Amino acid sequence: MVLTPQELAAVIDHTLLRPTATAQETEHACQQGLQWGCASVCVLPCYVGLAYSILRGSATAVCTVVGFPLGSLHRRTKLVEAEEALAQGARELDMVMNLAAFCSGDLRAVEQEISAVAAMVHRHAGGKLKVILECSLLSPEQQELAARLAAHAGADFVKTSTGFLGGGATVEQVARLRRAIPEHVAVKASGGIRTLEQALELLAAGAARLGTSATASLLEQAQQRVTNL
């Protein structure tokens, strides 16, 4: 697979979720994402308004996180987080599934939570909900079950991981999630994507979106490959 830098950027969520990220760093990341033509720029919730002021009217969406990184917040809290982010201009929300409830077998609570947030997101034009499963903490069977549950509840994407709890995206995870869900639901690979080869392998396995903070390096690698053809 050969992608131009522009084609690669179009499937990247350029991400800056470091706890110590400053407003200035976030502004720079948004300007980079806009310049490169990224699918979105994913920022800390406190910077959604700042990101919107830069990305407003462009094809690069404002993305942020909900229930991050553990997923164990109460459903009402996640709904408030989502509502505030949407009100400030976010259109793509990456929400961590309630792993505690899932691992306890309370699948109804997990599905109801995803469904409630999805309904809120979908009331906004262009709104997309990505549900983070944290695959490295789940068995293959649990990954498949979680993906099917999220898809049934209205998720637009299922996402491999936060990148904060160990274990980045793998080709096996992406392929497994892709097989488990309907075609209209997409897969986002996230966590530890540092090389062009990784990115291309994940896309070939079925990922439609990549979450990474190494966007500049990936695009440079893509440009070198195109130049050397």
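The values are calculated or read from the model by the stated rules, or taken from the named source; none is laboratory data. Every value quoted in this text rests on a predicted model; they were computed, and no experiment measured them. Here the Cβ is made from the backbone with ideal geometry for all residues, glycine too, and neighbour counts use every protein chain on show.
Let's see how each residue does on (1) touching a residue at least 24 places away in the same chain (Cβ under 8 Å); (2) farther than 18 Å from Gly211 by Cβ:
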residue: Leu50; (1), (2): yes, yes
residue: Gly67; (1), (2): yes, no
residue: Ala87; (1), (2): no, yes
residue: Ala100; (1), (2): yes, yes
residue: Cys135; (1), (2): yes, no
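Scanning the range 136-162 for residues that are more than 15 Å from Glu111 (Cβ to Cβ) and in contact with a strand residue (DSSP E or B) (Cβ under 6 Å, 6 or more places away or on another chain) turns up Asp156, Phe157, Lys159, Thr160, Ser161, Thr162. For the range 121-141, the tally of residues that are over 22 Å from Ser190 (Cα atoms) and either in contact with a Cys (Cβ under 9 Å, 6 or more places away or on another chain) or buried (at least 18 other Cβ atoms within 10 Å of the Cβ) (or both) stands at 0. Within the range 55-80, being surrounded by fewer than 19 Cβ atoms within 10 Å (Cβ to Cβ), more than 26 Å from Val110 (Cβ to Cβ) and in contact with a Leu (Cβ under 8 Å, 6 or more places away or on another chain) holds for one residue alone: Ser58.
Answer yes if at least one residue in the range 214-229 is touching a helix residue (DSSP H, G or I) at 6+ places or on another chain (Cβ under 6 Å) and under 17 Å from Val41 (Cβ atoms), and no otherwise. Yes, because at least one residue in the range 214-229 is touching a helix residue (DSSP H, G or I) at 6+ places or on another chain (Cβ under 6 Å) and under 17 Å from Val41 (Cβ atoms).
Of the residues making up the range 96-117, just one is charged (D, E, K, R) and exposed (fewer than 13 other Cβ atoms within 10 Å of the Cβ), namely Arg108.
Counting only helices (runs of 4 or more DSSP H) that sit wholly inside the range 1-75, those with at least 2 residues that are more than 17 Å from the chain's Cα centre (by Cα) and within 22 Å of Val187 (Cα to Cα) are 5-9.
When the range 81-98 is limited to residues that are of a type in the set (Gly, Ala, Ser) and more than 14 Å from the chain's Cα centre (by Cα), the one that is farthest from Glu111 (Cα to Cα) turns out to be Gly89. If I filter the range 95-115 for residues that are under 18 Å from Val62 (Cβ atoms), out of contact with any Phe, Trp or Tyr (no Cβ under 7 Å at 6 or more places or on another chain), among the charged types (D, E, K, R) and at pLDDT 95 or above, do I get at least one hit? No, that holds for no residue. Total residues in the range 192-229 satisfying the condition of being of a type in the set (S, T, N, Q) and either under 13 Å from Met1 (Cα atoms) or in contact (Cβ under 8 Å) with a residue 40 or more places away in the chain (or both): the figure is 5.
For the range 126-139, the condition holds for no residue, the condition being that it is part of a helix (DSSP H, G or I), modelled with pLDDT of 95 or more and of a type in the set (Val, Ile, Thr). Restricted to the range 158-187, and to residues there that are touching a residue at least 60 places away in the same chain (Cβ under 8 Å) and touching a Leu at 6+ places or on another chain (Cβ under 7 Å), the residue that is farthest from Cys63 (Cα to Cα) is Leu165.
Is it true that Ala155 is without any contact (Cβ under 8 Å) to a residue 40 or more places away in the chain and of a type in the set (A, V, I, L, M, F, W, C)? For Ala155, the condition - without any contact (Cβ under 8 Å) to a residue 40 or more places away in the chain and of a type in the set (A, V, I, L, M, F, W, C) - is not met.
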